[in-house]
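> Structure provided below as structure tokens; questions to follow.
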Amino acid sequence: GVSTVERIAAAAGAACSLGVAVPCLLTAKKSPNAITEDPAPFPSGSEDPVLAELTAFAEELADSTEAVLLQYFRSEGLRGHRKDLSTIGSDHVEGAERAARAAGGLPRRLAGYPDVVTRADKEAEQVMREMIEARYPSHAIIGEEYGMKGDAAKARWCWILDPIDGTADFVCGTHQWGTMIALCKDGAPTIGVINQPASQDRWVGCRGIPTVHNGAPTRCAPCGSLEAARLSASGSGLGALVEQDWVTCAHALVQETRATTFAGPNAYGWGL
């Protein structure tokens with residue numbers, strides 16, 4: 001079915017650590033939490049005119065969402081609505097159930113961390129989908145809000161769109177959100193963009209060339225030990241704060257790292 005925001009974000013973070021900021025297509029035959037491995041060596045992105053064209057188009061998609069998103073961001077009357085549970089991935093639901101069991105049974109309203117959607121999410125994704133369908137009608141699409149177009153498991157090219165990763169942060173007016181756009185070739189992450197228009201931060205990755213942040217090459221910080229690392233941790237969204245193992249681990253990480261924040265991870269955190 002449709003890749004959830006949690007899976008998209010997890011894949012993006014793993015790819016960023018390899019120097020390419022791309023979320024991942026998860027086909028029906030693959031493990032739901034696995035990143036598809038590159039089936040064959042990719043040519044250098046800078047030498048492949050097709051990849052160069054598609055990377056430029058991915059940035060056009062990011063550009064197209066900015067006016068829509070900034071129109072709503074911190075606007076008076078912006079309200080988020082809870083998504084129907086049928087649209088939330090099994091990993092999200094299972095996390096809520098684990099939390100309830102660990103706490104000896106939580107009220108339904110506290111067991112999970114409801115996904116939120118706004119008009120901005122839907123309008124921004126619609127803009128991107130229309131652009132893809134007009135320019136590359138044979139490409140498949142997996143979207144957070146409008147689902148799948150084409151056969152994503154068999155398509156040579158498949159776009160993965162999350163117009164706002166971190167919608168709750170968007171609604172609350174913080175900057176821990178962003179647009180995530182990926183393109184997979186034969187099921188392997190190939191091109192990706194993480195865009196935060198409010199803070200004017202953009203990461204672009206393509207197989208074969210360095211990931212760039214606002215046009216400048218970037219990479220993960222080299223850390224030889226935890227005490228040298230800066231960490232953006234997550235888990236509370238799935239009810240993990242009521243699981244003692246997670247709480248113990250979180251306390252240890254706070255003590256052993258240089259600095260730890262529990263603000264993420266959403267698109268902006270993956271980019272950082």
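> Being closer than 18 Å to residue 200 by Cα and surrounded by 14 or more Cβ atoms within 10 Å (Cβ to Cβ) is the filter here; which residues of the range 64-79 pass it?
The answer is 64, 65, 66, 68, 69, 72, 73.
> Got a number for residues in the range 190-201 being assigned to a strand (DSSP E or B) and of a type outside the set (Val, Ile, Thr)?
Going residue by residue through the range 190-201, those that are assigned to a strand (DSSP E or B) are 190-196, 201.
Okay, now just the ones that are also of a type outside the set (Val, Ile, Thr), so 192, 195-196, 201.
Qualifying residue count, the range 190-201: 4.
> Can you tell me which residues in the range 118-143 are within 13 Å of residue 181 (Cβ to Cβ) and among the β-branched types (Val, Ile, Thr)?
127, 132, 141, 142, listed by residue number.
> Among the candidates 215, 239, 269, which residue alone is under 30 Å from residue 163 (Cβ atoms) and at pLDDT below 85?
Among 215, 239, 269, only 239 is under 30 Å from residue 163 (Cβ atoms) and at pLDDT below 85.
> Looking at residue 182 and the list (1) under 26 Å from residue 126 (Cβ atoms); (2) of a type in the set (Gly, Ala, Ser); (3) surrounded by fewer than 15 Cβ atoms within 10 Å (Cβ to Cβ), which single condition is not satisfied?
If we test residue 182 against (1) under 26 Å from residue 126 (Cβ atoms); (2) of a type in the set (Gly, Ala, Ser); (3) surrounded by fewer than 15 Cβ atoms within 10 Å (Cβ to Cβ), just (3) comes out false.
> Here is a follow-up. What strands (runs of 3 or more DSSP E), lying completely within the range 143-188, carry at least 1 residues that are within 14 Å of the chain's Cα centre (by Cα)?
157-165, 178-185
> Pull out all pairs, ordered by first then second residue, where Cβ-Cβ is under 8 Å, the residues are six or more apart or on different chains, the first lies in the range 211-226 and is farther than 16 Å from residue 269 by Cα, and the second is part of a strand (DSSP E or B).
217/210; 217/211
> Continuing with this model, one more query. Between 201, 169, 162, which is touching an Asp or Glu at 6+ places or on another chain (Cβ under 8 Å), of a type in the set (Asp, Glu) and touching a residue at least 40 places away in the same chain (Cβ under 8 Å)?
Exactly one residue qualifies, and that residue is 162.
> Answer yes or no as to whether residue 170 is modelled with pLDDT of 90 or more and among the aromatic types (Phe, Trp, Tyr).
yes
> Could you list all residues from the range 202-220 that are open to solvent by 60 Å² or more (accessible area, probe 1.4 Å) and part of a loop (DSSP other than H, G, I, E, B)?
214, 215, 219, 220 - these are the residues of the range 202-220 that are open to solvent by 60 Å² or more (accessible area, probe 1.4 Å) and part of a loop (DSSP other than H, G, I, E, B).
The values are calculated or read from the model by the stated rules, or taken from the named source; none is laboratory data. Note that this is a predicted model, so its numbers are computed, not measured. FYI the Cβ positions are ideal-geometry reconstructions off the backbone, even for glycines, and counts take in every protein chain you see. With ligands, DNA and RNA removed, areas are computed over all heavy atoms of the protein, side chains included. Shrake-Rupley method; radii C 1.70, N 1.55, O 1.52, S 1.80 Å.
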